[in-house]
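Data first, discussion second: the structure below is written as structure tokens.
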Amino acid sequence: MFSESNNHFRDLLLLVAGCIGAFWFYYSYPDLDPMGTIEKSVSKESVLSKSDSVITSWQIYSNDIVHKSEMESYRGVIDSLQHKFGKTGFKNLVRNPETKSFPLFFWKIDHYLKEDFYNEGNRFSNALVTPAGEIISYSMRSDAIRNLQPYNNSVIRDALGLRFETTVENRVIQDSLLTELLRFQNMGEDDYRSYSQIQKFAQKLGAVLPEDGEVFMQDEIWKGASEYLGDTYWKKYTFRRDSLAFQQEQGLRYVRLFLTAEDSVLGFLPKLQVDLLPAGGIKAISLNITDIDIPSRPYSDLMDVVIQFTFLCAGIWLISIFYLRIKAKAIDTQPAFIISVLAGFMFSATQFLRFANDVEFTAEAIKSISLPDRFFIIGILGAVSAVVFFVLTSISDSVTRQHWPEKLKAWDLARRGFFKNKPVGRSIVISIFIAGILTGLWAVLIQLFPGTHITADVRLQSSNFAFPSVATLMENLLGSLLVVISTLMILGNQLYAVTKVKWIIPMLSGFIFALFLEFFVSLNVHPFNYSLIINFIIGAAFGAFYIKHGFLTMVLSLFIFIGVFTTRAGWMMPNSPDANLLYIFSALVFSMLLLGFYFIAKGSEKKDLPDYVPTYIEDQAKEQRLDQELEIAQAVQKTFLPSRVEKLTGIDIAGICEPAQETGGDYYDMISLGKNRMAIAIGDVSGKGIQAAFYMTFVKGVLHSLSALILSPLELLNQLNRLFKENATRGTFVSMIYGILEADKRELTFARAGHNPMLVVRANGDAEWLMTKGIGVGVANSLLFMKGTEEYTLKLNEGDVAVLYTDGITEMMNISNQFYGEDRLEKVVKGVRKGASSSILNIIISDVKEFKGVAKQHDDMTLVVIKADSSVNK
């Protein structure tokens, strides 16, 4: 089969279950969704054409009409009937040929004059139209009526009982009558005169007016209303006349008629309200549904609070996790950058296509809707979404690689362009069958739970987007990425790392799906409590699949699952505007299936594919190696520093080496050469870490081997220089002071090989800087070294202090990038020269640290203090 392992039975079971689940969903869903009751439907273009034709025949249309349309439903009626009869009883009732039909679904069409199309709220009329193109209701704004002055000669003639004869005189009277009717309709300044003129012209045309002085006879008004209703969906109904009332509002006069159907339909009586204008035009036809018990959604406000609180807590937690991961340098920016760029582009594209669906890119449109401002807002939203996905992907990648790295295997391959291989092929194929299992499970749960039904929310993607196929697929992919990354890759893997219990992931996934699945796909399950339970079970099943499968599989399976529901109108509704979306989505899934099997059959084996190692893991490995080197270097450094100081009569000596975080090459030593004689050395090897420690060991070995044999400091350094140059890497050198201290004579004979000068502070406070000639060890050959280095003997009198140090003392920097310096060192030593050598040493170190403050110590601090003091070591 398509397994990487030998468990072919499990793969076969998955394949069969996926096929059965998909079959059951598509077989049973038409009986579950109220949209399955739509039996007669024409294309959207035909609906617009048919309704426009009727409205034009009413003589109230204008040129340059622009439409906005979307499919809606009488959700309250549908939910009430499903609640009352159950989903099966509802379908049987609606599909019963003996039941009088009612348009449960309709097109809501808004009409705009072209110049007002881009100004929201400026529609001039609105119509609700059946899927077959018949008008259910119509309304026209009062200011539009005053501007367009609609009239209908046929209705005027019928309402007044006129006998029009085609003579020139009659035509003049007809025009005068129409003028006065329009003036009366618009509530002119002299209503009494208009009313009298209407009576006069009507009588001239043969009208028989009522005895009560009214112009219009009520029977004829009802006939006028019937004439309009005869052009609508309601022509097949018989209505009872309820009442009639003359109205004056918003600068208009009209008559309002109330009608009730004589026969009930689906358990209620449709009631109509028709508003007729004096000039014969129609102002409104509206449907009132009052005797329907619409079920409420309990706990909706509480759930909104829970969801908002969960979002807030999750956001704070994710930001803290991101900060900690950044601080730990455990973020791989490459995959995060790829997904964030794609997510930002797709989000911006979907928003643009949503916007483009409502506009035409003309100069007039650009001027009316501030097109650059809209583009700027879309760009900002895209950037924000890219940042959000960068943070989420960074965290998920870091957490998953730490706790469950195999979940990213197929994704790593696909991201790097390795598609033709078995892991990627298997992920694609399995994702399709998982989606089939989830859709079938959902259909089974809907049928198992008593009292559940699907609400009649209609969401045609073609009404939301330009190029709805592209926009919907991108939106579905974004939602799938967001759910899988946040739910499974971050929360799930973190909980698994803490508890070591894999089955906690389905519980978490179920909880997240129960709360948030409706944000990404409209499943429309009612009642609310059953919706939570069903979504929890679907989420738990999704999380259970994650235990066995990886990131790529779960993203694709959720993408297909969401796609099945977002494309359902494409096959549920005849002549659906979403049909192209369905075809493209089906072709995409089928292509994925073929490619998946092809990759499995012809692709590379898992063992032959390269593993991906994130940059930050390589960096961490380097840091670990450096840490190990640092530990070794520090251990080496501690071993070759003097463990104790030999006592010399009349000489007080103290030494210290405080290593930096990155161990340098500082070294000091005190080698006993017999009674009252000692070799003293202080040096600094170039470089840091384990290499510097190695050379320090070499230097120490040479000094200890030769110090007893060669009593001339210059000659010993010359031999050290020869050996070091022969063995050390080119460019490596050592700066050093090496001398022999004779306590009896109180003399220090030394040579300075390129090291910092020695500071001598006399008992009276005078200071000297002994900067004798000297070349660093390893810099030059023996001849040049001997010529460039000299030997010097320092005479120490009672109370004199000599300070030997490395550049870690004088070149210590504070946060202002200032050096500690030789002047400050001299000042400190002068001030404490009367103290013991250990006290002088500690005070110098304390002062250097105080100067450094919070700045980082980049180099070792090494110090040797020699003081002539006859009171010590007697």
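Each row is one residue, and each column tells you yes or no for (1) touching a Lys or Arg at 6+ places or on another chain (Cβ under 9 Å); (2) surrounded by 22 or more Cβ atoms within 10 Å (Cβ to Cβ).
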| site | (1), (2) |
| --- | --- |
| MET554 | yes, yes |
| PHE565 | no, no |
| ARG568 | no, yes |
| ALA579 | no, no |
| SER586 | no, no |
| LYS607 | no, no |
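All of (1) in contact with a Ser or Thr (Cβ under 7 Å, 6 or more places away or on another chain); (2) within 30 Å of GLU726 (Cα to Cα) hold for TYR820 with one exception: (2).
Yes/no matrix, rows are residues, columns are (1) part of a loop (DSSP other than H, G, I, E, B); (2) modelled with pLDDT under 95:
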residue: ASN817; (1), (2): yes, yes
residue: LEU841; (1), (2): no, no
residue: ILE844; (1), (2): no, no
residue: GLU850; (1), (2): no, yes
residue: VAL854; (1), (2): yes, yes
residue: HIS858; (1), (2): yes, yes
residue: VAL864; (1), (2): no, no
residue: SER871; (1), (2): yes, yes
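State yes or no: is LYS40 touching a Pro at 6+ places or on another chain (Cβ under 9 Å) and surrounded by fewer than 15 Cβ atoms within 10 Å (Cβ to Cβ)? In short, yes. Scanning the stretch 226-261 for residues that are assigned to a strand (DSSP E or B) and β-branched (Val, Ile, Thr), which turns out surrounded by the most Cβ atoms within 10 Å (Cβ to Cβ)? That would be VAL255. Among the residues of the stretch 717-733, those identified as surrounded by 22 or more Cβ atoms within 10 Å (Cβ to Cβ) and either in contact with a helix residue (DSSP H, G or I) (Cβ under 6 Å, 6 or more places away or on another chain) or assigned to a helix (DSSP H, G or I) (or both) are LEU717, LEU720, ASN721, PHE724. Do we have any residue at all in the stretch 49-57 that's polar (S, T, N, Q), surrounded by 16 or more Cβ atoms within 10 Å (Cβ to Cβ) and in contact (Cβ under 8 Å) with a residue 24 or more places away in the chain? Yes, that holds for at least one residue.
Scanning the stretch 29-40 turns up at least one residue that is over 19 Å from GLU134 (Cα atoms), at pLDDT 90 or above, under 38 Å from the mean Cα position of the chain (by Cα) and in a helix (DSSP H, G or I). Residues considered: LEU673, LEU703, LEU711. Of these, the only one that is crowded, with 18+ Cβ neighbours inside 10 Å and assigned by TED's automatic domain parsing to the domain that holds GLU742 is LEU703. For the stretch 262-277, the set of residues classified as over 53 Å from the mean Cα position of the chain (by Cα) and either more than 21 Å from SER139 (Cα to Cα) or assigned to a strand (DSSP E or B) (or both) consists of GLU262, ASP263, LEU276, listed by residue number. Of note, ASN529 satisfies the criterion of being farther than 24 Å from MET572 by Cβ, in the same structural domain as LEU14 (by TED's automatic domain parsing) and surrounded by fewer than 18 Cβ atoms within 10 Å (Cβ to Cβ).
Would you be able to say whether some residue in the stretch 455-469 is modelled with pLDDT under 95, closer than 30 Å to LEU408 by Cα and assigned by TED's automatic domain parsing to the domain that holds SER591?
Yes, the stretch 455-469 contains a residue that is modelled with pLDDT under 95, closer than 30 Å to LEU408 by Cα and assigned by TED's automatic domain parsing to the domain that holds SER591.
Given the options LEU794, LEU783, name the one that is farther than 21 Å from ASP666 by Cα, assigned to a helix (DSSP H, G or I), free of Cβ contacts under 8 Å to residues at least 60 places away in the same chain and among the hydrophobic types (A, V, I, L, M, F, W, C).
Going through LEU794, LEU783 in turn, just one is farther than 21 Å from ASP666 by Cα, assigned to a helix (DSSP H, G or I), free of Cβ contacts under 8 Å to residues at least 60 places away in the same chain and among the hydrophobic types (A, V, I, L, M, F, W, C): LEU783.
Screening the candidates GLY778, GLY799, GLY788 for the property of being of a type outside the set (Phe, Trp, Tyr), assigned by TED's automatic domain parsing to the domain that holds VAL864 and touching a helix residue (DSSP H, G or I) at 6+ places or on another chain (Cβ under 8 Å) yields one hit, GLY778. Candidates in the stretch 66-110 are the residues that are in a helix (DSSP H, G or I), among the hydrophobic types (A, V, I, L, M, F, W, C) and within 15 Å of VAL458 (Cβ to Cβ); of these, the one that is nearest to the chain's Cα centre (by Cα) is ILE78.
Any residue at all in the stretch 416-438 that's touching a residue at least 40 places away in the same chain (Cβ under 8 Å), surrounded by fewer than 20 Cβ atoms within 10 Å (Cβ to Cβ) and either part of a helix (DSSP H, G or I) or not assigned by TED's automatic domain parsing to the domain that holds LEU558 (or both)? Looking through the stretch 416-438, none of the residues is touching a residue at least 40 places away in the same chain (Cβ under 8 Å), surrounded by fewer than 20 Cβ atoms within 10 Å (Cβ to Cβ) and either part of a helix (DSSP H, G or I) or not assigned by TED's automatic domain parsing to the domain that holds LEU558 (or both).
For the stretch 793-826, filtered to residues that are hydroxyl-bearing (Ser, Thr, Tyr) and crowded, with 17+ Cβ neighbours inside 10 Å, the residue that is farthest from the chain's Cα centre (by Cα) is TYR805.
Residue-wise test of (1) modelled with pLDDT of 70 or more; (2) over 60 Å from the mean Cα position of the chain (by Cα).
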site	(1), (2)
PRO131	yes, no
SER137	yes, no
SER154	yes, yes
ASP158	no, yes
LEU162	no, yes
ARG171	no, yes
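The values are calculated or read from the model by the stated rules, or taken from the named source; none is laboratory data. If you're wondering where the values come from, they're calculated on a predicted model, not measured in any experiment. In this analysis, Cβ positions are derived from the backbone assuming ideal geometry, glycine residues included, and neighbour counts consider all displayed protein chains.
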